[in-house]
Structures are given as structure tokens and as C-alpha cells.
Ligand code: ZN
């Protein structure tokens with residue numbers, strides 16, 4: 001199996017079996033994001049306690065890239081501090097080529113420590129889909145800004 005095939009499997013698995021689906025009635029942060037180019041929607045509830053994200057719930061619809069990215073994001077941010085999430089988000093942006101050559105990140109392996117998210121790195125070859133992959137992260141930033 002090629003690396004591309006492996007990545008495709010990981011993305012499809014998250015798309016078909018999205019992690020942390022649902023809503024939280026006790027959320028401390030909420031945000032909704034849309035990507036009109038593709039028709040993607042992501043709605044995010046989360047709970048932050050003592051500077052740490054303890055719960056995340058996602059609903060949404062759209063293409064496999066946007067929904068798989070949302071599932072992977074929820075998986076990786078639960079239990080992390082705001083600072084750790086900022087670092088993950090920075091690595092994700094570097095992997096997707098969203099920031100011009102971030103000097104703090106090894107350009108040969110920007111997806112390191114991103115877990116399943118590394119499977120999305122092939123998306124950067126398709127600039128129009130980068131917005132799909134980044135939608136959950138942009139929505140997360142907004143949800144972290146404060147109360148619903
Ligand atoms: Zn999309």
C-alpha cells in the first residue's frame with residue numbers, strides 16, 4: 001500500500017466514523033464555520049477548564065476532507081492546554097503551507113506529532129481543498145475566544 005493510499009484510508013475512516021460527534025449543553029465555547037466554496041459546515045462546542053480543553057463535540061456536513069479534519073482535530077485537542085493547541089495548530093498550518101516557511105518547524109517533516117492529521121498533508125497539492133482542511137481549525141480558534 002502506498003503512502004497516498006494509507007492517507008486516503010485514514011481520511012475515509014474519520015469521514016465515515018467521525019469522532020466526538022454531537023453537542024455539549026455545558027460548553028464554555030462555541031463557534032460555527034462555513035466554507036462556501038465547497039459547502040462545508042462545522043459547528044463546534046468545547047469546554048475549557050483551567051486552561052485545558054476537556055471536551056469537544058462537533059457537528060457538520062460537507063466534503064470528506066473538511067469532516068475528516070474536524071474529527072482528527074477533536075481527537076487531538078481533547079486534554080491539551082491552550083498553549084499545546086497553539087503549537088499543534090502552528091504545525092498544522094506549516095504542514096498545509098498556510099504560513100510562508102515557519103522557521104520554527106522542520107520543513108522536511110512538518111506533520112510530525114500530528115497523529116492522524118498527518119494524513120491530510122497530501123491536500124496541500126490541491127489549494128482549493130486547503131480551505132476544507134483548515135475550516136475546523138479556524139472554527140476552533142473562534143470557539144476558544146470565549147463563551148457561547
Ligand atoms: Zn470541502
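Every read-out reported here was derived from the displayed coordinates using simple, explicitly stated rules and does not represent laboratory data. Just so it is clear, the model here is predicted, and its values are computed rather than measured. Here the Cβ positions follow ideal geometry from the backbone for every residue, glycine too, while neighbour counts run over all protein chains shown.
Worth a mention:
- For region 84-94, the criterion of being surrounded by fewer than 18 Cβ atoms within 10 Å (Cβ to Cβ), farther than 26 Å from residue 12 by Cβ, within 13 Å of the chain's Cα centre (by Cα) and touching a residue at least 12 places away in the same chain (Cβ under 8 Å) is satisfied by at least one residue.
- Each residue in region 17-43 was checked for being within 15 Å of residue 72 (Cα to Cα) and more than 16 Å from the ligand (Cβ to nearest atom), and 5 pass.
- Residue check: residue 56 meets all listed conditions (1) closer than 22 Å to residue 110 by Cα; (2) touching a helix residue (DSSP H, G or I) at 6+ places or on another chain (Cβ under 6 Å); (3) away from the ligand (no atom under 16 Å from the Cβ) but one, namely (1).
- Residue count for region 109-148, restricted to those that are within 18 Å of residue 4 (Cβ to Cβ) and assigned to a loop (DSSP other than H, G, I, E, B): 5
- Of the criteria (1) within 20 Å of residue 32 (Cβ to Cβ); (2) within 16 Å of the ligand (Cβ to nearest atom), which one residue 122 fails: (1)
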